Amino acid sequence: MKTVQAYRYALDLTASQERALLAHAGAARVAHNWALARVKAVMDQRAAERSYGIDEADLTPVVGWSLPALRRAWNQAKSEVAPWWAECSKEAYNTGLDALARALKNWSDSRTGRRAGRLVGFPRFKSRRRSTPTVRFTTGAIRVEPDRKHVVLPRLGRLELHESARKLARRLDAGTARILSATVRRDGGRWHVAFCVEVDRAERSPARPAAAIGADVGLKHLAVLSTGELAPNPCHLNAAGRRMRRLARRMSRRVGPDRRIGRNPSTRWAQARRQVARAHARVANLRRDGLHKLTTRLAREYGTIVVEDLNVAGMLRNRRLARHIADAGFAELRRQLAYKSQWNGGRLVVADRWFPSSKTCSGCGAVKTKLALSEPPTPAPPAA
């Protein structure tokens, strides 16, 4: 079974390598902002001409915002817009243009009804301070070194990994994997490289292919399983709340940036900001680790997994529970179960959103009309 999956590793970069990555990320941001300004200027000009009563046929010609059209326009103007363009890989500029092309397509599809979900806003310009540095490589020398502790990327050369890439290297050596792209991104003050890989996975079957299990997610317990097991909710955000508040107060007391008067941030403010980012990244990593362990165990053991179709976006509108719901990661748990059950030869059944799973007794099947949040779940009957 062929599938596409990602392998993500932390990097240990030198100062010069980090400067090179920041330069590539800045080049992607420049290309994105230039192309967005070009598209926006034409759209504003056409809107102004319509207000003057000019016919549609006489309006300023539209500019294409597909990736090939943006590439052609950038190649024609890059010598004037960025005379230093040869210092960075072409993939850096392609990263910014590709992100803009996707954003414009999502905005257009959302307006015309071709895209489901909430309305997508018009793309915005990327700020050097607020945007996340990232660059994506799709061509050139992308490989894992034989020592499995280094990777090679175009124009960046040999980068050291923080951990061994043996899992990916074994698949590459066996010919069961092919690297499609590599994305380098700074997340939580640390650089990571994520390889998008096409993998030929062997056919697998769960340990109990005929067994089925239901999982009802919640806040007091992350998941109440039909077997009677209660998966605890670690509440990582609450556990780290005291330290995160202290770090946020420390950052607020230091001299930060002010665009109104042109003030640059102090060195101590930047240091405090990195500490806050690392604290948030640690919470996200702990949450992701717990979800992966739970979903992997369920997908490998049970042939059928039943979950509920929750309106998480609607639940987040509850101001009293929004932070706890976001910390639990309901949507991420369902997303992981979806692809892991497919990888392990099982299937995922999504129950209807209005099915009274929490109100139904697992022993006699009686359905309650009212169920308070403080009421504990009904335990499952003992196995025969």
Please label the shape of the stretch 123-214 as rounded, prolate or oblate, based on the square roots a ≥ b ≥ c of the eigenvalues of the alpha-carbon gyration tensor (a/c under 1.5 means rounded; beyond that, a/b larger than b/c means prolate, else oblate).
oblate
With a point put 7 Å past each Cα toward its Cβ, work out how far residue 14 is from residue 277 in nm, to one decimal.
2.2 nm
Rounded to the nearest 500, what is the chain's calculated 222 nm mean residue ellipticity when only DSSP H runs of at least 4 contribute -39500 (n - 2.57) each, over all residues?
-14000 deg cm²/dmol
Within a Gaussian network of the chain (alpha carbon springs, distance under 10 Å), most fluctuating of 175, 256, 314:
314
Counting only the backbone N, which residues of the stretch 325-344 are under 15 Å from the spot 7 Å out from the Cα of residue 1 toward its beta-carbon?
336-344
Under the 0.36 nm per residue contour assumption, what length would be gained going from the current alpha-carbon distance of residue 371 and residue 229 to full extension?
49.1 nm
Compute the Kirkwood hydrodynamic radius of the stretch 47-171, taking the inverse of the mean of 1/r over all pairs of distinct Cα atoms, and give it in Å to one decimal.
18.4 Å
Please report, to one decimal in angstroms, the Kirkwood hydrodynamic radius of the stretch 20-112 built from all distinct Cα-Cα pairs.
14.3 Å
Sorted largest first, the Cα spans of the chain on the principal axes come out in Å as 77, 62, 50
Nitroxide proxy distance, nm - points 7 Å out along Cα→Cβ at residue 111 and residue 254:
4.3 nm
Debye calc, one equal point scatterer per Cα of the stretch 1-49, no solvent, log10 I(q)/I(0) at q = 0.19, 0.23, 0.25, 0.31 1/Å comes to -0.78, -0.87, -0.92, -1.04
Given points 7 Å out from each Cα along the Cα-Cβ axis, report the residue 84 to residue 204 separation in nanometres with one decimal.
4.7 nm
Residue order, fewest to most surrounding Cβ atoms within 10 angstrom, among 144, 4:
4, 144
For residue 370, give me every one of the lysines with a C-alpha distance below 22 angstrom, ignoring sequence neighbours fewer than eight places off in its own chain.
220, 359
Report the Cα-based extents of the stretch 178-296 along its three principal axes, largest first, to the nearest Å.
67, 42, 20
Report the equivalent ellipsoid semi-axes for the stretch 166-207 in whole Å, largest first, defined as the square roots of five times the eigenvalues of the gyration tensor built from alpha carbon atoms.
26, 14, 9
Net charge over other residues, Cβ less than 9 angstrom from the Cβ of residue 193 (K, R count +1; D, E count -1):
+2
In terms of the Cα gyration tensor, with a ≥ b ≥ c the square roots of its eigenvalues, is the stretch 77-134 rounded because a/c is under 1.5, prolate because a/b exceeds b/c, or oblate?
prolate
Candidates 321, 348, 97: whichever shows maximal mean-square fluctuation once the chain is modelled as a Gaussian network with Cα springs under 10 Å
321
Rounded to 0.05, the calculated FRET efficiency for the beta carbons of residue 286 and residue 190 at R₀ = 22 Å is 0.90
Less than 13 Å Cβ to Cβ from residue 50, Lys/Arg counted +1 and Asp/Glu -1: what total charge do the surrounding residues give?
-4
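Bear in mind these aren't lab numbers, they're just calculated from the coordinates by the rules spelled out. For clarity, every value in this text was computed on a predicted model and none was experimentally measured. Here Cβ is always computed from backbone atoms with ideal geometry, including for glycine, and neighbour counts include all displayed protein chains.
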